[in-house]
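The values are calculated or read from the model by the stated rules, or taken from the named source; none is laboratory data. Since the model is a prediction, treat every value here as computed from it, not as a measurement. Here the Cβ is made from the backbone with ideal geometry for all residues, glycine too, and neighbour counts use every protein chain on show. Keep in mind that these areas ignore ligands, DNA and RNA; they rest on the heavy atoms of the full protein, side chains included. Shrake-Rupley method; radii C 1.70, N 1.55, O 1.52, S 1.80 Å.
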Amino acid sequence: MKRALVTGITGQDGRHLAEFLVGKGYQVFGLVRGQNNPKAQMVQDENPALEVIAGDLQDLSSLIAAIEQVQPDEVYNLGAISFVQLSFNQPELTADITGLGVLRMLEAIRVVGGAQNNPIRFYQASSSEMFGKVRETPQNESTPFHPRSPYGVAKVFGHYTTVNHRESYGLHASSGICFNHEGPRRGLEFVTRKVTNGMARIKLGLQNTITLGNLESARDWGYAGDYVEAMWLMLQQDEPDDYVLATGETHTIRELLVAAARVAGYDDWSPLVNQDERFERPAEVDILTGDAGKAREKLGWQPKVSFDELVELMYEHDLKEEQAKADTKRR
Ligand code: GDP
C-alpha cells in the first residue's frame, strides 16, 4: 500500500486529493495544524480512511517528525495562506506559510530521506498568480513570472525552491502551476463561490444582492476535482518536472455572473450585484489564460468539467446547502 502525506488537507484541494488517493488504494495522512482544530474532525468525518496527524508548515521539527512517522512514498504540499486579498493584509504570515513552508517541507524530506531505492516524491502546489502582470498569453511553463501580490511572491519562492531542491539534491520534486480551480468546496471568500452561493441565497429570498469588487478581471477557471488527478500523475512520472494545469479558456467576472444568473433563472444579473471598492486589490492580476499543452502531451491529462458545468454544479450544491440551512433554522 502506497503512503501519501498531504498538507492543506482541510482545504478544497486536500479534500479532493485525499478522496482520489484513497480511491487509488493509498493510505493517506493529512497534516493538520493547531490545537483542537475543528476542521480535523470535519475531514475525518468526510473521509474515515484518512489519518490525521499534527504538524505545521511553520514548524520544521513537526515536519521532520511527520515524515519520520508516516514514511511517505509521496508528499503533496497543498497547505498555504491561499487567499490573495488576505495576503495583502498579512504579507509576513503569507511569506512564512506559503513561501518558507515549502522550504521547510523540502528540508524535512531531504533530512529524513526515504528508503534508498524508494526516495520520497514531492508535489508543490504552485499558482498561476505567479504570472501576475502577464508577459504573454497564454502562459506556459517558460513564461516569466511577475507576481502582483504577497501571495504570488510567496508562491514564486516556493516554486523556485522546489526547482532548486530538484537540481541541487536530485529530489523527485515537481511543481504544478495550477490556474484557478473551483468547486462546491471552494471557500466563500473566492469570487466563484461567492457568486454561486450569493445567487442561490437570492433565489431562496435570503439576500437581495451580491457585493463584489473588480468585474473586469478574467480567470481560467477549472474544476478542482480534475486538477488533483494531474497532481498525482506528475508524481507517477520517472522524471520530476513542472507543468501548467489549466483549461485554456478564460472568462471575466461579468461572464461568471451571466452564467450563474442563467442557471438561477434570471435574465439580467445587474440588479443583483453591487460594487464596493473594499473588494478591490492594491494590485490586480487582470487576465490569466493557461496553456496546458505539456500536461496534455506528457501526462495525458485534460480537464473534463466545462465552465458552464462548473457554475451549474456549484450553484446546485449551494442551493441545496442553503435550503437545508434555512430549513434547520426554521425548525
Ligand atoms: P484569485 O485569482 O486567487 O485572486 O481568486 P479570487 O476568486 O479571490 O479572485 C479572482 C478575481 O475576482 C480577482 O481578480 C478579484 O479581484 C476578482 N473579484 C471581483 N470581486 C471579487 C470579490 O468580491 N471577491 C473576490 N475574492 N474576488 C473578486
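Quick look at the numbers
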item	result
Furthest towards positive pole of dipole, Leu272, Thr250, Leu233, structure part the stretch 219-331, Cβ charges	Leu272
Between the stretch 251-269 and the stretch 128-167, the Cα center-to-center distance that results, in Å	31 Å
Mean-position separation - Cα centroids, the stretch 1-19 and the stretch 317-331, in angstrom	28 Å
Difference of contour (0.36 nm per residue) and Cα-Cα distance, Glu297 to Leu86	72.4 nm
Qualifying GluC sites (Glu not before Pro) for the stretch 210-300 [loop in DSSP, other Cβ within 10 Å: at most 12]	Glu216
Linear extension gain, Gln35 paired with Asn214, 0.36 nm per residue minus alpha-carbon span	60.7 nm
Pairs beyond 22 Å (Cα-Cα), from Lys194/Lys320; Lys24/Lys325; Lys194/Lys325; Lys39/Lys304; Lys39/Lys325; Lys39/Lys203	Lys24/Lys325; Lys39/Lys304; Lys39/Lys203
Farthest toward positive dipole pole in the stretch 90-192 [+1 Lys/Arg, -1 Asp/Glu at C-beta], among Gly170, Ile97, Phe145	Gly170
For the stretch 213-252, convex hull volume per residue from C-alpha positions, Å³	84 Å³
Per-residue [θ]222 nm for the chain (sum of -39500 (n - 2.57) over DSSP H runs n ≥ 4, rounded to 500)	-12500 deg cm²/dmol
With 10 Å bins from 0: P(r) over the stretch 64-218, alpha-carbon pairs, percent	10, 33, 30, 18, 8, 2, 0
Neighbour cut-off at most 16 other Cβ (10 Å), DSSP loop, trypsin sites (Lys or Arg not before Pro), the stretch 1-98	Lys2, Lys24
Sulfur and carbon atoms: percent of accessible area, the chain [1.4 Å]	47 percent
For the chain, the Rg and Dmax computed from alpha carbons only, in angstrom	19.7, 63
Heavy-atom accessible area order for Ser82, Ser142, largest first, 1.4 Å probe	Ser142, Ser82
Listed residue (Met199, Gln41, Phe157) projecting farthest to the positive dipole end of the chain, Cβ model	Gln41
Accessible area expressed per residue, the stretch 37-180, with surrounding protein chains retained (probe 1.4 Å, Å²)	42 Å²
